[in-house]
Every structure is written in structure tokens, then in C-alpha cells.
Amino acid sequence: MAKLRFTFGTMGSGKSTQALQIHHNLRARGLTTLLMTQLDRREGRVSSRLGVSADAEIVEPSSDLFDLIRQRAKSLGHLNAVICDEVQFYQPAQCEQLARVVDELGVDVYTFGLLTTFQGVMFDGSARLMELADTRTEIQVEARCWCGARATHNARFVDGVQVISGATVVVGDTGGPTAGEVTYDLLCRRHWMEGAQAARGAQLELLDVDDARPGDHPDRSGPVEVDPDAVPTPLHATQNAGESP
Ligand SMILES: [Zn+2]
């Protein structure tokens, strides 16, 4: 019976390597497989840090995966398995289409992706797969935080400082005047949260500075001398309003 499998891990945990390994193993057994990745990898290949790579079909946000896979199955004559990399970037609806591939076409689907963003929340595609998959497996990483604890969280840094706001996907260098060098690293939850807290604090501080500006200048907010006769009393104003309808 076909299954929808979701394997997740942090950056650098070897997801693409595992995707390629399964692709290779199934083909070595004479099975027909289809390898897919997301638009983000524009070259249409799945490659691992170990230097292995294979041609892959590119999934675009508008792709109907059920239709696409059904067509490929037809043209190939038979299809045993589909292997999907970078599924965190798939649309939730595409994850549902993958579930239909399993249920209606009887094709095994292996999906690989990151679980959470640098902001510490689940990617939409990964959340949907968590909900739909028959099996969910976390890749146990050897990666360590600088403190020595197991690294479980993806962190984004701009000029070496952890950030929690910004686009989920940074494609290349945006080149803007405020763009710094964007890097990623893995942290343990404690140190990810400490960095996130500091980033949040820095953001609030920026807000505070704006809000507090009038109070920072007591000269301007101090008592102002006025001529009492020139100021209408509320009573006076009410009477006037009543007298002149
Ligand atoms: Zn740590």
C-alpha cells in the first residue's frame, strides 16, 4: 500500500542527500521514480553537499502536482514513487495533491523539507504535510549549537546579528541600502530564543524611540503660557451651542 512520507530536519541535516539516496536505491531495484524540487532551485537539480546530484522536475507554485504526476506516470508507462525535495516551499494545496497521488494513483510519495522558518514557525507546506502524512520522521542531526547542545533551530543573521523579521525566502542579495550580509546558522532552542528575544527587543526599542520623542524634549511639552480670557470655557461653549441651533 502506497504511503505519503514526510522527513524533516534543519538546514544541513542531509535531507537532499537522503532524497537522492532513496531515488538511487529505488532505481537500482528497477523501479520508476520521479524526482521533484521547488522553483527556488532554479537549475532543476537536487544536489547534496556531498556533491551528488540528479536532474529534477521543478515544481512551481501554480503546478497541479496530481495532474503533473498522473501525466508523467502515463508517459513513463508506470510510476512507483515520487521523491520531493524542499517541500517546505510547496503550497498547502500541492501537499494535498500529493496525498491524492498516494490514495488515487497508488504511487509512493517521499517528501523532504525544513520544519520551521528562521522565525521559528512552521512553513505552510511542512505544516500541511505534518497534518496529512502517513509517517513523519525527523532526521537526527549531528549539528551542534555553539554551546554544544543539539542544534534544532534555523537562525538567520544579518551582518552577524540574529533577526526574526524579513521575507521567509531571501533570493540572493537584495542589494538595497539596508541590506546586510545574510547568513544562516543552527542553534539550540535556548540560544535561538535568546537571539529572537534580543531581536524583538531591538524592534520594540525602535518603536519606543519614535513614540517617546515628544517626552524626550521637556522644553516643548512643558507648561505653555496662555491668556485665560482668550480660552472659551466648556460651559460657555455648551451654552453657545444650545443658543444657536
Ligand atoms: Zn546553544
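The values are calculated or read from the model by the stated rules, or taken from the named source; none is laboratory data. On a predicted model such as this, the values are computed, not experimentally measured, just so you know. Please note: Cβ atoms are built from the backbone with ideal geometry, for glycine as well, and neighbour counts cover all protein chains shown.
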Take the residues of segment 159-193 that are among the acidic types (D, E) and either assigned to a loop (DSSP other than H, G, I, E, B) or surrounded by fewer than 12 Cβ atoms within 10 Å (Cβ to Cβ) (or both): which is modelled with the highest pLDDT? D159
If you take the residues in segment 139-160 that are under 17 Å from the mean Cα position of the chain (by Cα) and not hydroxyl-bearing (S, T, Y), which one is farthest from M193 (Cα to Cα)? V158
Got at least one residue in segment 128-145 being among the charged types (D, E, K, R) and within 16 Å of the ligand (Cβ to nearest atom)? yes
Sort out for me the strands (runs of 3 or more DSSP E) sitting completely within segment 1-48 that have 1 or more residues that are at pLDDT below 90. 33-38, 45-47
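This table checks each residue for (1) at positive phi; (2) assigned by TED's automatic domain parsing to the domain that holds T10; (3) without any contact (Cβ under 8 Å) to a residue 60 or more places away in the chain; (4) more than 16 Å from the ligand (Cβ to nearest atom).
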{"site": "F89", "(1), (2), (3), (4)": "no, yes, no, yes"}
{"site": "C95", "(1), (2), (3), (4)": "no, yes, yes, yes"}
{"site": "G120", "(1), (2), (3), (4)": "yes, yes, no, no"}
{"site": "S126", "(1), (2), (3), (4)": "no, yes, no, yes"}
{"site": "T152", "(1), (2), (3), (4)": "no, no, no, no"}
